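The values are calculated or read from the model by the stated rules, or taken from the named source; none is laboratory data. Small disclaimer: the values here were computed from a predicted structure and weren't measured. Ideal geometry is used to build each Cβ from the backbone, glycine not excepted, and the neighbour counts take in all protein chains shown.
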Amino acid sequence: MTDDAPAPDLRASDADRERVAEVLRDALAEGRLDMEEFEERLDATYRARTYGELAPITRDLPASGSAVAPVSLTKDAAPNGSWADRIVGGDDPGTSSWAVAVMSGFQRKGRWTAPRRFNCFAFWGGGEIDLREANFAGREIVINAVAIMGGVEVIVPPGVEVVVRGVGIMGGFDHREEGVPPEPGAPRVVVTGLAFWGGVGVQRKLPRAERQRLREERRREKQALKEERRREHLERAERQRQDHLDSAERHRRELEEPRRPHDPLNLHSPHREHERRPGDR
């Protein structure tokens, strides 16, 4: 076992399980797994509690986007962990502190460290700054965006405080995410700058792993509802079949009961016995 490989008895995180689930979904789409195998392995993935339980699930599958490498379960810093873990502080300058797009585009997304101040410029182009899986160099970061006949999109995870202070000239800044109460310990994102014949938008979205988890939960709920309806249909069909059998059995018994002799004058009726006079024979 290599030094950076996790011990099999270490507890796996939700992010670890989602990485394995992503490999399984890719394998299903590529035809490496059929639906039955996919569901079995996916159930085992979400039941797994340790790295030792996760590792065998994708041992015979390539990693997402790779032709040969198995999925890595090396313990990385969880991008969606507690805010204290994601605010690195100190002298960390951040992964990138500026971006320029002139008749083109730029992206900052995935796992990266957002600096205390990020400057970007878009002219006849566009940019995307995605903070959902990012770490933060400080408790407060400032994104200074200048968009001239272009646009910049800032994506923040739920729980982050958003403040927008930009100026729009024949353009605008999106203020819809302001005023949402932040989570305790969450960072503050200040969006400022200038939009001239352009726009700077701010959106609040769930991280990819969380969206996949919710999608998987909805799929399971739909499957459970489908199974419940199927079970109810079978039970109803069984009740109808049993009612039909009971009705047929009653009809059969009625046919098998002995019939009384034909008595057109009703001579054997109990009422006729009462009508006889004492002297009659």
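Residue 192 meets all of the listed conditions (1) at negative phi; (2) assigned to a loop (DSSP other than H, G, I, E, B) but one, namely (2). Within region 84-107, residues that are within 25 Å of residue 139 (Cα to Cα) sit with their Cβ atoms under 8 Å from residues that are modelled with pLDDT under 90 and loosely packed, with under 12 Cβ neighbours inside 10 Å, at 6+ positions apart or across chains, in these pairs: 85/77. When both residues are 6+ apart or on different chains and their Cβ atoms are under 8 Å apart, which pairs have a first residue that lies in region 126-144 and is within 18 Å of residue 82 (Cβ to Cβ), and a second that is of a type in the set (Gly, Ala, Ser) and surrounded by 19 or more Cβ atoms within 10 Å (Cβ to Cβ)? These pairs meet every condition: 131/114; 134/114; 135/114; 136/114; 137/94; 137/114; 141/114.
Looking only at residues of region 166-191 that are loosely packed, with under 12 Cβ neighbours inside 10 Å and within 15 Å of residue 156 (Cα to Cα), we find that the one that is modelled with the lowest pLDDT is 179.
In this structure, residue 129 does satisfy being of a type in the set (Val, Ile, Thr), under 25 Å from residue 209 (Cβ atoms), touching a strand residue (DSSP E or B) at 6+ places or on another chain (Cβ under 6 Å) and modelled with pLDDT of 80 or more. Taken over region 137-165, residues that are touching a Ser or Thr at 6+ places or on another chain (Cβ under 7 Å) and at pLDDT below 95 amount to 2.
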